[in-house]
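Following: one structure in structure tokens, then a few remarks.
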Amino acid sequence: MTMQTHKRTCSLCEATCGIEIRYDDQTGEIGSVKGDKSDPFSRGYICPKATALQDLQNDPDRLRRPLKKTASGWQEISWRQALGEAADGLKRVQAQHGRDAVASYLGNPNVHNYGNLLFGPLLLRALGSKNKFSATSVDQLPHHMASLFMFGHQLLIPVPDIDRTDFLLVLGANPLASNGSLMTAPDIKNRLQAIRQRGGRILVVDPRRTETAAAADEHWFIRPGQDVLLLLSLLYVLTHELAEQLPPLPDYIDSQPLAPLAAGFAPEVTAEKTGIAAAQVRALARQWLAADAAVCYGRMGVSVQEYGGLCQWLINVLNIVTGHFDRAGGAMFTTPAVDLPAVTAAQGGRGHYDRYRSRVRGLPEFGGELPVSALAEEILTPGKGQVRALLTVAGNPVISTPNSTQLTEALASLDFMVAVDYYLNETSQHADLILPPCGPLEKDHYDLIFNTLAVRNVAKYSQPLLQRDAGSREDWQILLALSKRLNRGSVRQRLNNWLRLTVMGRMKPAGILNKLLRAGPARLDLKQLLASPQGIDLGPLQPGMPGRLFHRDKRLQLTPAVFVQALQQARENLLAAPRHNGFLLIGRRHIRCNNSWLHNSQRLIKGKNRCTLMLCPQDAAQLGITAGARVQVRSRVAELVAEAEITDQLMPGVVSLPHGWGHSQPGVRLNTARTAAGVNTNELTDDQRVDALTGNAALNGVPVELAALS
Ligand SMILES: Nc1nc2c(c(=O)[nH]1)N[C@H]1C(S)=C(S)[C@@H](COP(=O)(O)OP(=O)(O)OC[C@H]3O[C@@H](n4cnc5c(=O)[nH]c(N)nc54)[C@H](O)[C@@H]3O)O[C@H]1N2
Ligand SMILES: Nc1nc2c(c(=O)[nH]1)N[C@H]1C(S)=C(S)[C@@H](COP(=O)(O)OP(=O)(O)OC[C@H]3O[C@@H](n4cnc5c(=O)[nH]c(N)nc54)[C@H](O)[C@@H]3O)O[C@H]1N2
Ligand code: SF4
Ligand SMILES: [Mo]
């Protein structure tokens, strides 16, 4: 036996840390997973999840062969049978009820899997259904919308240049738990500390004093869902009181006057609703203007709430009008080795909005997808165009999308369902067929998406560590095989499609990647990446305006009509007196969890219960709730019982439950009692609460009532 070292990127979250795996080259057994000090980006940092990659690889519950649901339970079947029956079932439903009768849902791990990113669109095209859904609409949809209208491409998302900023304003993000999002920045803790060490400042605005808030210079509580008012009040002060200090707008920017947009939102007006005093807002506006390099960054807390679209637009506006955009230390764009915005633009994929709407509720399409909050009603509401079958790829919407009970009911009513997933879990248990891809260490890896969102330009390719066993498939092979079987149209179209699919299949993801790298701005190729398995540093982010814009006229739209209109429509509501006097529920993440699917790892799940309902001491005292007590939590759509954790991290009137839990359902094949602990907070979240502009789910700020149980 000889122990060898394998370098790769951890693909579990957005931070893209370099890892070094020691393994036995005879048996493939893994000895250790450590941070790779030679990775130029992550410099040896890893979080506890990386070591769980081996648990995922070795997990006896991870499916190795396709499963078919039969009257006598799940049966392992061959790939040939599974792929044939999956395609036939989808075709049958479409033949009977039309193309839109088959819906698809793509989950978060697709963006960590470049094979899926390259081959997934082919399968969706083969299905040809308008009912496409994904985790985007419980996540970053508002960022895409702001980028599309302001910069001309849904994927051209500005990244906070945290390595060079002096002032970081964080709204609704907790990178110390999440390791950063739409800001790929491994070892975020040290990167944040470095801001303070060079004399800079971090201010966190969050209804909870999070791990990130505790490590910042300052933390302000804000009432959930009121960030839009904070941003408008900042804009008010900047445009009404400090206008003469604002730098002139660069001449590539089109804007209508900003002062009238912010009129009426003086900090005195917004203070009552946000809970942030007028004097604080004024001081912040002044300090912001005075800072050499400042950047405002907002994530899940401001994206998945009722005004997520307006928030992400206003964050961009704030950065741009104060001159903290497209320059070191501000909000900047990447120039990744595979220039994903450019590649997708060339294929007509800059994005679009509201070309059609969902059948039942009329929610707008974005980029060819409908908001997933509408999925259950599209299945449950009879009529022409009703969804009768579903394909999920790397997604667990039962746990991850709002009103889980309704979605469970909907999935149980489907005529046919296929899940491409590792696990027999809360979602895939409803499938007729489960098609499991190979393990995470049995495939190659390149970050197409996260290099586009990284705080430095870097490139790194990882080869498979372990050989796939002969009977397993990679995700992209499953998607390709299904696409080929679903191929249809005229003879000529079928032939063309078949040729294209065959050529792409022969190239494999790595061959396509090689082409994309060579066409990219750094003119790299796979050979160079293979020679540097620790990764290649391509330097800090570079200014690129206006050339980087994707609007054909190379102009930046600061005040796109859709946002201005949405603001006008929301104005009355925003300025109305607060209506809800009860509690508001928000979410949270923990460093040892990853959405819904790493709870089977013993090393991650051990320790005390993490799925607690956090509330502050005053609220607990008022309701007679003691630490560890069982609390009934009721929303419009459901009620559940959770264990109380009393902590002054929470502001009064706000309670927090993490998402991703609730694995105790009978049909699920996940092994331990610990895994089964916890409740599913998305039973409480409401499919009817969406951001009216984007259709994104409003998972934060859900009105709930609490009662102590004896
Ligand atoms: N209340 C509340 N709800 C939330 C959130 C919140 O903050 N609060 N966060 C939201 C966010 S940001 C997101 S991204 C979504 C996530 O929503 P989803 O993506 O639907 O859920 P995940 O838990 O990530 O489930 C991933 C699934 O993919 C499988 N899987 C993992 N890796 C692979 C792979 O390589 N190939 C295949 N085929 N399958 C794989 C797993 O077994 C699991 O079933 O949840 C959202 N839901
Ligand atoms: N360990 C771990 N890491 C992860 C994940 C995971 O599940 N576990 N998931 C990954 C995924 S898919 C994503 S998208 C990212 C998300 O990355 P983040 O956005 O950094 O993650 P969250 O912890 O959800 O942070 C949201 C913060 O918003 C706050 N908040 C809630 N409501 C409001 C509000 O109305 N206003 C304001 N200002 N704040 C509010 C919450 O208290 C919370 O601190 O994390 C990724 N990384
Ligand atoms: S932060 Fe943790 S889970 Fe995320 S990439 Fe790094 S090691 Fe992996
Ligand atoms: Mo996410």
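The values are calculated or read from the model by the stated rules, or taken from the named source; none is laboratory data. Remember, it's a predicted structure, so these values are computed and weren't measured experimentally. Cβ placement follows ideal geometry from the backbone for every residue including glycine, while neighbour counts extend to all protein chains displayed.
Just to verify a result, which residue in region 279-309, among those that are more than 22 Å from G225 (Cβ to Cβ) and within 25 Å of the chain's Cα centre (by Cα), is farthest from ligand 4 (Cβ to nearest atom)?
Looking at residues that are more than 22 Å from G225 (Cβ to Cβ) and within 25 Å of the chain's Cα centre (by Cα), I get A294.
Within region 31-61, which residues are free of Cβ contacts under 8 Å to residues at least 60 places away in the same chain and either within 10 Å of ligand 3 (Cβ to nearest atom) or assigned to a strand (DSSP E or B) (or both)?
Matches in region 31-61: G31, S32, V33, K34, G35, I46, A50.
Run down L171, L203, L231, L141 and say which single residue is surrounded by fewer than 22 Cβ atoms within 10 Å (Cβ to Cβ), touching a residue at least 40 places away in the same chain (Cβ under 8 Å), more than 25 Å from K460 (Cβ to Cβ) and within 14 Å of ligand 2 (Cβ to nearest atom). Write out each step before concluding.
Values: L171 fails: surrounded by fewer than 22 Cβ atoms within 10 Å (Cβ to Cβ); L231 fails: surrounded by fewer than 22 Cβ atoms within 10 Å (Cβ to Cβ); L141 fails: surrounded by fewer than 22 Cβ atoms within 10 Å (Cβ to Cβ).
One residue alone meets the criteria, L203.
Check L453 against each of (1) under 29 Å from T5 (Cα atoms); (2) surrounded by fewer than 18 Cβ atoms within 10 Å (Cβ to Cβ) and name the one condition it does not meet.
Tallying (1) under 29 Å from T5 (Cα atoms); (2) surrounded by fewer than 18 Cβ atoms within 10 Å (Cβ to Cβ), L453 fails exactly one: (2).
Any residue at all in region 317-329 that's in a helix (DSSP H, G or I) and within 16 Å of ligand 2 (Cβ to nearest atom)?
Taking region 317-329 first, the residues in a helix (DSSP H, G or I) are 317-321.
Now restrict to residues that are within 16 Å of ligand 2 (Cβ to nearest atom): 318.
Yes, region 317-329 contains a residue that is in a helix (DSSP H, G or I) and within 16 Å of ligand 2 (Cβ to nearest atom).
Looking at region 6-27, can you tell me whether even one residue there is among the small types (G, A, S), within 16 Å of ligand 4 (Cβ to nearest atom) and surrounded by 21 or more Cβ atoms within 10 Å (Cβ to Cβ)? Walk me through it before giving the result.
Narrowing region 6-27 to residues among the small types (G, A, S): 11, 15, 18.
Now drop any that are not within 16 Å of ligand 4 (Cβ to nearest atom), which leaves 11, 15.
Within this subset, residues satisfying the condition of being surrounded by 21 or more Cβ atoms within 10 Å (Cβ to Cβ) are 11, 15.
Yes, there is a match, as at least one residue in region 6-27 is among the small types (G, A, S), within 16 Å of ligand 4 (Cβ to nearest atom) and surrounded by 21 or more Cβ atoms within 10 Å (Cβ to Cβ).
Which condition number does V295 fail, the rest of (1) crowded, with 18+ Cβ neighbours inside 10 Å; (2) of a type in the set (V, I, T); (3) part of a helix (DSSP H, G or I) being met?
(3)
Could you run through region 323-332 and say how many residues are surrounded by fewer than 23 Cβ atoms within 10 Å (Cβ to Cβ) and in contact with a helix residue (DSSP H, G or I) (Cβ under 9 Å, 6 or more places away or on another chain)? Break it down into steps so the answer makes sense when it comes.
First, the residues of region 323-332 that are surrounded by fewer than 23 Cβ atoms within 10 Å (Cβ to Cβ): 323, 325, 327-328.
Filter once more, so that each one left must be in contact with a helix residue (DSSP H, G or I) (Cβ under 9 Å, 6 or more places away or on another chain): 323, 325.
Selection size over region 323-332: 2.
So which residues in region 634-665 are within 25 Å of the chain's Cα centre (by Cα) and within 19 Å of T210 (Cα to Cα), if there are any at all?
Within region 634-665, Q649, L650, V654, V655, S656, L657, P658, H659, G660 qualify.
Taking the condition among the basic types (K, R) and at positive phi, does K508 pass? Let's see the steps before the verdict.
Details: among the basic types (K, R): yes; at positive phi: yes.
Spelling it out, K508 is indeed among the basic types (K, R) and at positive phi.
Can you give me the ranges of the helices (runs of 4 or more DSSP H) entirely in region 371-450 with at least 3 residues that are within 10 Å of ligand 1 (Cβ to nearest atom)? Spell out the reasoning first.
Values: elements: 375-380, 397-400, 404-412.
Hits in region 371-450: 397-400.
Taking S104, is it of a type in the set (S, T, Y), in a helix (DSSP H, G or I) and either over 15 Å from the mean Cα position of the chain (by Cα) or within 16 Å of ligand 2 (Cβ to nearest atom) (or both)? Even if it seems obvious, please write down each step before you answer.
Numbers: of a type in the set (S, T, Y): yes; in a helix (DSSP H, G or I): no; either over 15 Å from the mean Cα position of the chain (by Cα) or within 16 Å of ligand 2 (Cβ to nearest atom) (or both): yes.
Judged against the criteria, S104 is not a match.
Checking S664 against (1) farther than 26 Å from Y353 by Cβ; (2) among the polar types (S, T, N, Q); (3) at pLDDT 95 or above, which test does it fail?
Going through (1) farther than 26 Å from Y353 by Cβ; (2) among the polar types (S, T, N, Q); (3) at pLDDT 95 or above one by one, S664 breaks only (3).
Could you tell me whether G520 is on the phi > 0 side of the Ramachandran plot, crowded, with 18+ Cβ neighbours inside 10 Å and touching a residue at least 40 places away in the same chain (Cβ under 8 Å)?
Numbers: on the phi > 0 side of the Ramachandran plot: no; crowded, with 18+ Cβ neighbours inside 10 Å: yes; touching a residue at least 40 places away in the same chain (Cβ under 8 Å): yes.
The answer is no for G520.
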